[in-house]
Amino acid sequence: MLTVVRMRIAIAGGHGQVARHLSRALTARGDVALALVRQLGHVDDVSADGAEAVVLDLERANARDVAEAVSGADAVVFAAGAGPGSGIARKDTVDRAAAGLLADGAEQAGVRRYVLVSSMGAGAPPPPGTDDVFAAYLVAKRAAEIDLRSRDLDWTILRPGSLTDGVPTGTVTLDARVPRGAVPRADVAAVLAELLHEPRTAGRVLELVGGPVPIGDAIAAVTE
């Protein structure tokens, strides 16, 4: 008889669009999603997704606060971002510093599995002529990746292409390097849910765009 592993997964940036899709995907498969949100006003939304809400502002918290919030989790996901309209400073305090703080807290709490939502383009310095704010975003994501890769954690880094609100297809292109493209946020979340349940993806940096391969098959292929 097949044994289904149920996981408790803490999601930083729990009110973000990808994070909310992820909470719903995890809940649908019987996992427990713990949504870390910045403000009380977000609690009802993430609760409606089936997640357990914890109010924790990663720009104001310390590692002990984070460790308490994620204690007992099987994995953490960094899906936070400063978001559109934020300036250069918050690209650093959220996309870099908060990702590192989540790792600090996970280490203190003994949570080894960490999945980082990064960005396509974070594997190298921004090319000349890149918009200043977007360049700061890529620099912050790159720094977060470098920090995470230096830690003794079971990390996976996912670099999606351009995010859309399109209807999910359940099919993608996933590999260490893929051509630039777009991908629905819901498909990103579905890939994250599968990665969390596939420990053989630890230590991998994967790029993701829309494509023809069913998500389960795509993840199986990168673990071969």
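FYI, it's all coordinate maths here, none of it is from the lab. Note that the structure is a prediction, hence the values are computed from the model and not measured. Positions of Cβ are backbone-derived with ideal geometry, glycine not excepted, and every protein chain shown enters the neighbour counts.
Residues checked against (1) surrounded by 17 or more Cβ atoms within 10 Å (Cβ to Cβ); (2) of a type outside the set (A, V, I, L, M):
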position: ARG112; (1), (2): yes, yes
position: ALA124; (1), (2): no, no
position: PRO127; (1), (2): no, yes
position: GLU145; (1), (2): yes, yes
position: SER150; (1), (2): no, yes
position: LEU153; (1), (2): yes, no
Problem set entry | Residue identified as surrounded by fewer than 16 Cβ atoms within 10 Å (Cβ to Cβ) and among the hydrophobic types (A, V, I, L, M, F, W, C) among VAL191, VAL167 | VAL167
Problem set entry | Residue check for GLY50: among the small types (Gly, Ala, Ser), surrounded by fewer than 16 Cβ atoms within 10 Å (Cβ to Cβ) and assigned to a loop (DSSP other than H, G, I, E, B) | no
Problem set entry | Residues located in the range 12-31, provided they are aliphatic (A, V, I, L, M) and closer than 21 Å to ILE215 by Cα | VAL18, ALA19, LEU22, ALA25, LEU26, ALA28
Problem set entry | Among residues of the range 75-110, those that are part of a loop (DSSP other than H, G, I, E, B) and either more than 15 Å from LEU36 (Cα to Cα) or touching a His at 6+ places or on another chain (Cβ under 6 Å) (or both), counted | 6
Problem set entry | ALA75 being closer than 18 Å to GLY13 by Cβ and crowded, with 23+ Cβ neighbours inside 10 Å | yes
Exercise. Within the range 122-148, restricting attention to residues that are of a type in the set (Gly, Ala, Ser) and without any contact (Cβ under 8 Å) to a residue 40 or more places away in the chain, which residue is nearest to THR93 (Cα to Cα)?
Worked result: ALA135
For this session: Scan VAL188, VAL178 and give me the residue that is in contact with a strand residue (DSSP E or B) (Cβ under 7 Å, 6 or more places away or on another chain) and closer than 23 Å to ARG29 by Cα.
Result: VAL188
Problem set entry | 3 or more residues over 15 Å from the mean Cα position of the chain (by Cα): qualifying strands (runs of 3 or more DSSP E) within the range 113-202 | 171-175
Exercise. Is it true that GLY13 is touching a residue at least 12 places away in the same chain (Cβ under 8 Å) and buried (at least 18 other Cβ atoms within 10 Å of the Cβ)?
Worked result: yes
Seminar exercise, completed: The lone condition SER47 fails out of (1) farther than 19 Å from ALA202 by Cα; (2) of a type in the set (S, T, N, Q); (3) touching a Lys or Arg at 6+ places or on another chain (Cβ under 6 Å) is (3)
Problem set entry | Single residue of the range 194-224 satisfying the filter (without any contact (Cβ under 8 Å) to a residue 24 or more places away in the chain and more than 21 Å from ALA28 (Cβ to Cβ)) that is surrounded by the fewest Cβ atoms within 10 Å (Cβ to Cβ) | GLU224
